[in-house]
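Here is the structure we will look at, set down as structure tokens.
Please treat every number below as a calculation from the coordinates, not as lab data. Keep in mind the model is a prediction, meaning the values are calculated, not measured. So basically every Cβ, Gly included, is an ideal-geometry build from the backbone, and we count neighbours across all protein chains shown.
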Amino acid sequence: MFVDKVKIRLVAGNGGNGCASFRREKFVPKGGPDGGDGGNGGSIYLVADRGMNSLINYRYNPYFRAQDGAHGRGKKMHGKNGEDLYLKVPVGTIVKDVDTGEVLFDFTEHGQEFRAVKGGRGGRGNVQFATPTNRAPRLAENGEQGEEKFLLLEVKIMADVGIVGLPNAGKSSLLRKASAARPRVEPWPFTTISPHVGVVRLGEESSFIMADIPGLTENAHKGVGLGIRFLKHIERTKIILLLIDISPSAPSPLNQIEILLNEIVSYSKELRKKIRAVAVNKIDLIPEEKRNFSYIIKKADELGWFFFKISALSGEGVDKLVKELYSLLKE
């Protein structure tokens, strides 16, 4: 199951109390204060891990509490610090405060750490309060409470190229052909119900990340279909590739382009700037003598897009598409 948004409750550990005690040994009258400090409470850290791609771990376990610090003891014994808790999240996770909506952190690289809640400081023992004028203080501090926060975690997939198209346009098939990813492919609409990511390799040193988004439909920005829910995942992409179904049973290519443009702009006008290319798919279903795409090429030129013709099933034109997308990314 792909889970890209969860609410969690994090509670840091409380600090241990300081100790108020006095040294008691035979033949040592008035030994003086020897109460130790309490230990600090454990903090909770979020850590970006490229091995994760979903927040499913937190769907059914949204509450986490770090360990409390131990209390101080006599003989100047310091209480043990509470252990910190480290929670892994996917790269691309945004952390928001549920109450204020403020973005607290944005994980963009593997291994990044963010201290979500800080553990409470341990209280001081009475040995810390001894002075020349107060040699027998009976005062000790209580430990501070750890922080508590309700956080919203939201994943936005990090990909270089995002594939957008109507249902059954062949987005998953293209991802399978171009990369090692193996998303489910079936001959009916809405096969893809969550984004898939694959690494496209052009050589030992050359590669980029491609993602396919569940199919958009007309009025998707009003809640129709599945794709609009996942359009946020292409907000981070550098290039959006529009994939058009050219098969005889599909809507007209220009109509498909109009629908996709409308839905993307309705979601975010900024995404319009990321559309750099359009590819017509399933050309294997069109006889050679009938492959006239001049009207689509003209539309692509008007919009400033690169044009490609491919068959994700047979692989025709896919290598050229991949190489051109890589060149665009390098620019």
Put +1 on the Cβ of each Lys and Arg and -1 on the Cβ of each Asp and Glu in the chain; which of Leu139, Val91, Val278 then has its Cα farthest toward the positive end of the dipole? Leu139
Quote the relative contact order of the chain in percent (integer), defining contacts as alpha-carbon pairs under 8 Å separated by 6+ residues. 16
Using +1 on the beta carbon of Lys and Arg, -1 on that of Asp and Glu, and nothing else charged, what's the dipole of the chain about the Cα centre, debye to 20? 1280
Which helices of the chain meet both criteria: a Cα extent of 15 Å or more along the helical axis and a mean Kyte-Doolittle score no lower than 0.5, with helices taken as whole DSSP H segments? 253-267
DSSP-defined antiparallel bridges as percent of all bridges, the chain, nearest 5: 50
Euclidean distance of C-alpha centroids, the range 99-135 and the range 248-266, integer Å: 53
Which of Lys238/Lys299; Lys30/Lys118; Lys177/Lys232 exceed 30 Å between C-alpha atoms? The answer is Lys30/Lys118
Estimated 222 nm signal from helices in the chain, with DSSP H stretches of n ≥ 4 weighted -39500 (n - 2.57), rounded to 500: -4500 deg cm²/dmol
With springs only between Cα atoms under 10 Å apart, run a GNM on the chain and tell me which of Asp68, Asp301, Asp160 wobbles the most. Asp301
If you take the Cα atoms of the chain, find Rg, then find the Kirkwood Rh from the mean of 1/r over all pairs, what is Rg/Rh? 1.26
